[in-house]
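Just so it is clear, none of the values below were taken in a lab; they were calculated from the coordinates. Everything quoted here is computed from the prediction, not taken from an experiment. No Cβ is skipped: glycine too gets one built from the backbone with ideal geometry, and neighbour counts run over all protein chains shown.
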Amino acid sequence: MKYGAVVMGDPRELLRRGPGEIKDASEFSKDDSNIFAHFIQVQSQINKSKWKKSDIKFQEHGSNLIDASVPGFEDFIFVAAYFRQLFMERKDYLLKDAADRYCKHSSCDIRKAWIHNEVKSFYKILDSPTHPFSINDYTLKQIFYAFIYGAGIMHKIPKDKDTALKRFLDIYDNYPTHRVLYALNVQLRVIMNHVNNIACIIYQDFSYWQSKYNLVLPDVRWHQRLFEINKSNNSVQE
């Protein structure tokens, strides 16, 4: 079979070639299986969210705002919990963890190089000033943390001299809200493209490895089912 060129940032050729092989199935652990499954779950939850389906746009005339549409508070908070897992330092780093585990187990140097490039592209955007509007040269990660931590959304309200609080107050008090929210949400969708690219390759190979080598299955509870009640599975034991 004749293969085309593998293009960085485009997973189609790698997917067309089919799954890659595992280096040593005996070294694949339950933790590896859980991390892959959870990473794929997080990627799926963001993609199916109302946040992903919401319009992100605005219209200005001179200095006047004519119209604007961005994801609402609840829709943003839903995905913020997942984005936080993808790149939070020291505790989660889910995207890097999944990518590192994949590269450890994959025997294909081309696929590993492609994944490394996607991770690098993800963090380059995350650690760069937002585009198309720069908010005091704050990076996407700094703005994201300013909202979820500085505004007291995911932790209690920070102390007066807290960096995230100072950054949030600067952003909220000194920049047009519609531009801030536009930049924040658009850039999160841009980095989500890299999450999707990594996830589709991991999913293809992970599924193949499980089927061919009977790898340990993940022990992960799917979030969308946690709050569903199935009467047939909820009989009370007397």
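Specify the residue that is nearest to the chain's Cα centre (by Cα); the eligible residues are those in region 1-22 that are under 18 Å from residue 198 (Cβ atoms) and among the hydrophobic types (A, V, I, L, M, F, W, C).
8
With (1) farther than 23 Å from residue 223 by Cα; (2) surrounded by 14 or more Cβ atoms within 10 Å (Cβ to Cβ); (3) among the small types (Gly, Ala, Ser) as the list, and residue 62 as the residue in question, which single condition is left unmet?
Among (1) farther than 23 Å from residue 223 by Cα; (2) surrounded by 14 or more Cβ atoms within 10 Å (Cβ to Cβ); (3) among the small types (Gly, Ala, Ser), residue 62 violates only (2).
Somewhere in region 149-163, is a residue closer than 23 Å to residue 71 by Cβ and of a type in the set (Ser, Thr, Tyr)?
yes
May I ask you to list the residues in region 55-72 that are of a type outside the set (D, E, K, R) and without any contact (Cβ under 8 Å) to a residue 24 or more places away in the chain?
Of everything in region 55-72, those that are of a type outside the set (D, E, K, R) and without any contact (Cβ under 8 Å) to a residue 24 or more places away in the chain turn out to be 59, 61, 62, 63, 64, 66, 69, 72.
Within region 35-51, track down each residue that is crowded, with 17+ Cβ neighbours inside 10 Å and not hydrophobic (A, V, I, L, M, F, W, C).
Those that are crowded, with 17+ Cβ neighbours inside 10 Å and not hydrophobic (A, V, I, L, M, F, W, C): 38, 41, 43, 44, 45.
Just give me the residues in region 108-122 being buried (at least 17 other Cβ atoms within 10 Å of the Cβ), over 17 Å from residue 192 (Cα atoms) and either free of Cβ contacts under 8 Å to residues at least 24 places away in the same chain or of a type in the set (Asp, Glu) (or both), in sequence order.
Hit for region 108-122 is 112, nothing else.
Which numbered condition trips up residue 87, out of (1) farther than 30 Å from residue 17 by Cβ; (2) surrounded by 15 or more Cβ atoms within 10 Å (Cβ to Cβ); (3) aromatic (Phe, Trp, Tyr)?
(1)
Among the helices (runs of 4 or more DSSP H) lying completely within region 123-238, list those that include at least 2 residues that are in contact (Cβ under 8 Å) with a residue 60 or more places away in the chain, small (Gly, Ala, Ser) and surrounded by 12 or more Cβ atoms within 10 Å (Cβ to Cβ).
Filter on region 123-238 gives 177-213.
Mind telling me which of the residues 75, 97 ends up being in contact (Cβ under 8 Å) with a residue 40 or more places away in the chain, closer than 24 Å to residue 155 by Cβ and surrounded by fewer than 20 Cβ atoms within 10 Å (Cβ to Cβ)?
97
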